[in-house]
Amino acid sequence: MNELNKNLVNKVIMYGFNYEHNFIDKIWGNNIANHLQSKFSSIYNRKGASAAFFLFYTELDNTNKDLLIDYINLKK
């Protein structure tokens, strides 16, 4: 794995433990945000804060995973 990929994986993992409370609105900011927020909240209530992010990620389709990864990658 090259350094760029390693850095991106690290950023995603670290973000998963330190995500913003409104990251869904910031990324999707449209009607799908309500659906995704509901999904995230359900996981959060069952599994807790850190597990929620990673389980939420696994339930996204590839297009929405890409949006999330791009958002995280562009953060400083």
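Of Leu4, Leu36, which residue is over 11 Å from the mean Cα position of the chain (by Cα) and hydrophobic (A, V, I, L, M, F, W, C)?
Of the residues listed, the single one that is over 11 Å from the mean Cα position of the chain (by Cα) and hydrophobic (A, V, I, L, M, F, W, C) is Leu4.
Looking at the structure I just gave you, is Ala33 in contact with an Asp or Glu (Cβ under 9 Å, 6 or more places away or on another chain) and among the aliphatic types (A, V, I, L, M)?
So Ala33 fits the description; yes.
Quick note: the coordinates plus some simple rules give every number you see, no bench work behind them. On a predicted model such as this, the values are computed, not experimentally measured, just so you know. All Cβ positions, glycine included, derive from the backbone under ideal geometry; neighbour counts span all protein chains shown.
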